[in-house]
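These notes concern the structure reproduced below.
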Number of protein chains: 2
Amino acid sequence: MKTLNVDLDERSYPIYIGSDLLSQRVLFDAHIRAKQVCIVTNETLADSYAKQVAATLSDYQLTTVVLPDGEAFKTLDTLQRIFDQLLEQRHNRTTTLIAIGGGVVGDMTGFAAACYQRGVDFIQVPTTLLSQVDSSVGGKTGVNHPAGKNMIGAFYQPQAVAIDLTVLTTLPARELSAGLAEVIKYGLIWDHEFFEWLEENMEALRQCNLTLMEYAIQQSCAIKAQVVAADEREGGLRAILNLGHTFGHAIETHQGYGAWLHGEAVGTGMVVAAELSAVRGYISSTFVARIRKLMAAAGLPIHIPSAMTNEEFLQLMAVDKKVLDGRLRLILNVDHGKSAIFDDITEESVKVALDRCRKEI
Amino acid sequence: MKTLNVDLDERSYPIYIGSDLLSQRVLFDAHIRAKQVCIVTNETLADSYAKQVAATLSDYQLTTVVLPDGEAFKTLDTLQRIFDQLLEQRHNRTTTLIAIGGGVVGDMTGFAAACYQRGVDFIQVPTTLLSQVDSSVGGKTGVNHPAGKNMIGAFYQPQAVAIDLTVLTTLPARELSAGLAEVIKYGLIWDHEFFEWLEENMEALRQCNLTLMEYAIQQSCAIKAQVVAADEREGGLRAILNLGHTFGHAIETHQGYGAWLHGEAVGTGMVVAAELSAVRGYISSTFVARIRKLMAAAGLPIHIPSAMTNEEFLQLMAVDKKVLDGRLRLILNVDHGKSAIFDDITEESVKVALDRCRKEI
């Protein structure tokens, strides 16, 4: 097992990465404050991983909340279900919530922990590659609003994150690909050597080679932890983690939450961002082609939805959180392994980039 | 105008206390970050104070959200209305929310600000005596759950608080009394001289003498600011601000939110707490009698609801946030101007105290 530390002063916490962590009681014990524990999971995992953790923690006063599965249920209404059960079972301020699931369960459980009695402890047990390398690190929690993703939420750090590699062996291929999109992102924004390592090892990663997977996750979490430690509340640097996300969110909102997986939308969004970087002359068309090739090798879509117009894109992007005072702010590649924030982007250049990402008919 | 500072490092903020603050644009300008402002108020104040502030800030890009009036509407559903309008009007991360109203509006607006896009700025303009001396200082925000008050919320500090004394002149007498309950609380937990000053000046305060009122508010806010600065997240000391509240919340929940005003319930709760302190021998029955007399002089109820049994009290108190691991924790008077937290309180002694607070038939 590897341990990585997210360094945030008194809000610092460890990320454990290894096999068969779900049954290692000592890992959990170290981060549970008192007697009460509330496992939050979804319908798909209730009988497998959630049950396994419940068995590990059977000595605690245990409540399990089972949420419907999917991004469409990441709402204030679903959140209320967690509060209902916590109160019904009389959980007090010393309780610990444990999120067992992907990003949706993790984001909602974290936000529930942030708000329940104005803040209780929580532990993340991410069970998808995407949530392991992304949402479980950094403390962004929240729910969606019909008008936009993650519009309601909090910055709230967990007590610990337990990343169990074993769960990846049963993950559907499509979800593995979605997770790889965020892994590729770290290569693009921070570490070109890692990008090249991914070019070499993408096939084995898609076959879920756990040794390579452990390295990929560790690198991803380490980069994210470094960025988050430098800028916890997204005042500046942290925004680079949103590479591809503004485009991706527009796709998700347009298609309806859940039609595209988040990772798929972000993957395509990164291709658009790369094209836009090329339009502005920051990176070469050769590098854009490598990015497209790696995304495709990861099993990700590289074209925007054919039914989506440029106007629809621009309109949906205008409500994104990254927009400040009406000015479009976007993260773009500026070199191999480097990215930066720009707020002087014209709608025209966005349209050119979008057109380059349409499937030729 | 007097200015008081709440000292919380980078979350420090000023409290302005004076007459006719609502039209002093410079006060607001200093704390509004960008162009967007969202006024949150209730139906009762929409055409008066909220309009006045809107006129003061007419140059900003202004949205006004009008919530239904009353504790019964302090829910996640009502909160959603604020988010709906913020998103509809495309408010971004640099927006500033301004709460104009009593504790309900203030708590909900603060919580909305804490959660909208994971945190935006807000300013408190409390328009009841109770919210001026209590909820506007200290950063407790949140909404109720059918199973208990303020069960969902956040610690989140405003950019500034503007306490306009003029609004008190139109406050109904019953609400003025409710506010005086919290004023008396500060005398009980922290400052016996202030308690004695209140004994002398209660009649003039009830007639809303603004010079005396200014002093009472200033003293109250100063004591609260001192306590909150020492313990922002209620690890220990801050709990003394809850004197009377556990009993009060039980009354409010039992009677249905809004039947008793919060300050009325807390006032009666403080009488119960005083009786319990006397049962345990911490204060004399003479002092309890003085407390009862001052509460009555403030126009507050001093008897618990006759229909409420001791068992109902104990059951409702068990879900209160102050309960840790099943043990009842209560704040009690321990001397003139002093209070402390106890977690060794027997149900028997609570019943004795409750019985002393029943109206003789």
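The values are calculated or read from the model by the stated rules, or taken from the named source; none is laboratory data. These numbers were taken from a predicted model, which means no experiment stands behind them. Here Cβ is always computed from backbone atoms with ideal geometry, including for glycine, and neighbour counts include all displayed protein chains.
Which of the residues that make up the range B:127-142 are more than 14 Å from chain A (Cβ to nearest Cβ) and either acidic (D, E) or under 10 Å from the mean Cα position of the chain (by Cα) (or both)?
B:T128, B:L129, B:L130, B:S131, B:Q132, B:V133, B:D134, B:S136, B:V137
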Check: Which one of A:A160, A:A216, A:A222 is closer than 26 Å to A:T75 by Cα and touching a residue at least 24 places away in the same chain (Cβ under 8 Å)?
Finding: A:A160
Item checked: Selected residue [in contact with a strand residue (DSSP E or B) (Cβ under 9 Å, 6 or more places away or on another chain) and modelled with pLDDT under 95] from A:I189, A:I217, A:I240 -> A:I240
Note to self: Residues that are touching a Gly at 6+ places or on another chain (Cβ under 7 Å), under 23 Å from A:G142 (Cα atoms) and at pLDDT below 95: does the range B:128-139 have at least one?
What the structure shows: no
Notebook entry, point to check: Are any residues in the range B:186-207 more than 12 Å from B:S220 (Cβ to Cβ) and either outside any helix (DSSP H, G or I) or over 19 Å from the mean Cα position of the chain (by Cα) (or both), and if so, which ones?
Noted result: B:H192, B:E193, B:E196, B:E199, B:E200, B:N201, B:M202, B:E203, B:A204, B:Q207
Check: How about the range A:97-132: which of its residues are more than 18 Å from A:Y16 (Cα to Cα) and among the hydroxyl-bearing types (S, T, Y)?
Finding: A:T109, A:Y116
Item checked: Number of the exception - B:R11 against (1) charged (D, E, K, R); (2) closer than 28 Å to A:L76 by Cα; (3) more than 14 Å from every other protein chain (Cβ to nearest Cβ); (4) touching a residue at least 60 places away in the same chain (Cβ under 8 Å) -> (3)
Checklist line | Residues located in the range B:46-75, provided they are crowded, with 17+ Cβ neighbours inside 10 Å, touching a helix residue (DSSP H, G or I) at 6+ places or on another chain (Cβ under 8 Å) and in contact (Cβ under 8 Å) with a residue 60 or more places away in the chain | finding: B:Y49, B:V53, B:E71, B:K74
Note to self: Looking at the structure I just gave you, is A:D107 within 13 Å of another protein chain (Cβ to nearest Cβ) and either within 21 Å of A:R233 (Cα to Cα) or crowded, with 24+ Cβ neighbours inside 10 Å (or both)?
What the structure shows: yes
Checklist line | Tally of residues being outside any helix (DSSP H, G or I) and either of a type in the set (D, E) or surrounded by 15 or more Cβ atoms within 10 Å (Cβ to Cβ) (or both) across the range A:254-313 | finding: 15
Checklist line | Flag if B:A112 is modelled with pLDDT of 95 or more and either more than 20 Å from B:N42 (Cα to Cα) or assigned to a helix (DSSP H, G or I) (or both) | finding: yes
Check: Just checking, how many residues over the range A:252-282 are at pLDDT 95 or above, among the hydrophobic types (A, V, I, L, M, F, W, C) and over 16 Å from the mean Cα position of the chain (by Cα)?
Finding: 7
Check: Which number in (1) of a type outside the set (K, R); (2) away from every other protein chain (no Cβ under 14 Å); (3) under 21 Å from B:R238 (Cα atoms) marks the one condition that B:G102 misses?
Finding: (3)
Next item on the list: Working only within the range B:143-185, note down all residues that are within 14 Å of chain A (Cβ to nearest Cβ) and assigned to a strand (DSSP E or B).
Entry: B:V143, B:N144, B:H145, B:G148, B:K149, B:N150, B:M151, B:I152, B:G153, B:A154, B:F155
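So, B:I291, is that one at negative phi and in contact with a Ser or Thr (Cβ under 7 Å, 6 or more places away or on another chain) or not?
Criteria not met by B:I291.
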Check: Quick one: is B:D121 within 14 Å of chain A (Cβ to nearest Cβ), modelled with pLDDT of 95 or more and surrounded by fewer than 24 Cβ atoms within 10 Å (Cβ to Cβ)?
Finding: yes
Note to self: Residues that are in contact with a Ser or Thr (Cβ under 7 Å, 6 or more places away or on another chain), in contact (Cβ under 8 Å) with a residue 12 or more places away in the chain and crowded, with 17+ Cβ neighbours inside 10 Å: does the range B:341-356 have at least one?
What the structure shows: no
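Can B:F247 be described as under 24 Å from B:K224 (Cα atoms) and either under 23 Å from the mean Cα position of the chain (by Cα) or without any contact (Cβ under 8 Å) to a residue 24 or more places away in the chain (or both)?
Answer is yes for this residue.
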Item checked: Of all residues in the range A:64-99 being β-branched (V, I, T) and within 14 Å of chain B (Cβ to nearest Cβ), the one that is nearest to A:D134 (Cα to Cα) -> A:T75
Checklist line | Considering residues of the range A:29-77 that are of a type in the set (A, V, I, L, M, F, W, C) and in a helix (DSSP H, G or I) only, the residue nearest to A:Q159 (Cα to Cα) | finding: A:V53
Notebook entry, point to check: B:G102 versus (1) more than 21 Å from B:G179 (Cβ to Cβ); (2) at pLDDT below 95; (3) under 22 Å from the mean Cα position of the chain (by Cα): which is the lone unmet condition?
Noted result: (1)
Note to self: Quick check on this structure: which one of B:N201, B:N209 is in contact with a Leu (Cβ under 8 Å, 6 or more places away or on another chain), of a type in the set (S, T, N, Q) and either assigned by TED's automatic domain parsing to the domain that holds B:V334 or surrounded by fewer than 20 Cβ atoms within 10 Å (Cβ to Cβ) (or both)?
What the structure shows: B:N201
